[in-house]
Amino acid sequence: MATPMVSERRRLGPHTTVLVGSEHGKYPDGNTVLVEGSDGRLVVDPSLSARSEGLDVDRVVLTHTHEDHAAGVSGVAWRELSVHQADLAALRSMDDLMLLYGIPEAQWPEMSAMLSERFFFDGWPQATGLVDGDVIDLGGVTVWLIHAPGHTSGHSVYLVEPDGVLVLGDIDLTGFGPYYGDASSSLEDFETTLTKVREIEAAHYVTFHHKGVVEGHAAFAAAVDSYATAIRRRTDDLLALLAGGPQTFDQLLATGIVYRAGTRPPLFGESVERHSIERHLARLVADGTVATDGQQYWRR
Ligand SMILES: [Zn+2]
């Protein structure tokens, strides 16, 4: 597979540039953000295409530890590499990344090999942890970490001021909807995060994939609302699967609520479906909409 290239350098302010990935940052690529101050330079989420840019920076920070967001780490010269504390173990070692995903251990060798070969993931033991409220001062421009968990437990967004840029990571505002299919994901946290980030006033909102840059708070708030409807849609899809009578978990898993028929990715797709269905089912059982005897699930 040829390494994708940056398609455009988009300036959002005096200190902030988006290195737009191929096909608007479509997976496996993404949109990398470069922030330059008088005292230092930093990149957020160096993507596959960022590898070809010859970047030399003081710091690399990630919105979270996922293979596509770290794909450029070994292609950029840096002195410090950081992510939120809750995602730090996964950035330091491949085995901890497997635990973050929660894929079955039998698939670890194949998954690890794929991540090394396609995403240059290598585990960086020297990586350091950040927490909510940490501010990185680059001289005339600051990068502020705001913990925004749900996608992973350490997922965070970064507010760049005075440029008014909010880097959203994988709150990606796509039609696919929020992704909470890893072992370390949380549906409840993702919902709380969406409510919280929706209130953040910025001039530009940058997603890692697809959507790219959303301009202005009104457009961002509308995009968040539309994005969140996928959660309700998955609940409705699950209830529709139960409309014909009781189903076992494996029957529900065979159809799925996240990936459309025939689009489930190899290696990790089934685990994503499993975690997502478990989370929706737990919620429906807790609120009394669905009952279970431990074998089957049915609508009350
Ligand atoms: Zn991600």
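Identification of strands (runs of 3 or more DSSP E) wholly contained in region 96-169 with 3 or more residues that are in contact with a His (Cβ under 9 Å, 6 or more places away or on another chain) and not acidic (Asp, Glu) yields 156-161, 165-169.
In region 40-49, the count of residues that are farther than 27 Å from Thr142 by Cβ, within 20 Å of the chain's Cα centre (by Cα) and within 16 Å of the ligand (Cβ to nearest atom) is one or more.
Against the list (1) farther than 23 Å from Asp134 by Cα; (2) surrounded by fewer than 21 Cβ atoms within 10 Å (Cβ to Cβ); (3) in contact (Cβ under 8 Å) with a residue 60 or more places away in the chain, the condition Asp182 fails is (2). Here is a check on your reading of the model: is Ser82 more than 14 Å from the ligand (Cβ to nearest atom) and of a type in the set (Gly, Ala, Ser)? Criteria met by Ser82. Of the residues making up region 22-45, just one is farther than 17 Å from His204 by Cβ, touching a Ser or Thr at 6+ places or on another chain (Cβ under 6 Å) and either surrounded by fewer than 18 Cβ atoms within 10 Å (Cβ to Cβ) or not polar (S, T, N, Q) (or both), namely Asp29. Filtering Arg283, Arg260 for residues that are outside the structural domain of Glu188 (by TED's automatic domain parsing), more than 16 Å from the ligand (Cβ to nearest atom) and surrounded by 15 or more Cβ atoms within 10 Å (Cβ to Cβ) leaves a single hit, Arg283.
Among the residues of region 46-80, write down those that are in contact with a Pro (Cβ under 6 Å, 6 or more places away or on another chain), crowded, with 21+ Cβ neighbours inside 10 Å and assigned to a loop (DSSP other than H, G, I, E, B). Selection gives Leu48, Asp68, Gly72. Criterion applied to Asp137, Asp132, Asp95, Asp87 was being at pLDDT 95 or above and under 25 Å from Lys26 (Cα atoms), and the one residue passing it is Asp87. Here is the figure for region 163-187: residues that are at pLDDT below 95 and either under 15 Å from His69 (Cβ atoms) or within 13 Å of the ligand (Cβ to nearest atom) (or both) total 2.
The values are calculated or read from the model by the stated rules, or taken from the named source; none is laboratory data. Bear in mind the structure is a predicted one, so any value in this text is a computation, not a measurement. In this analysis, Cβ positions are derived from the backbone assuming ideal geometry, glycine residues included, and neighbour counts consider all displayed protein chains.
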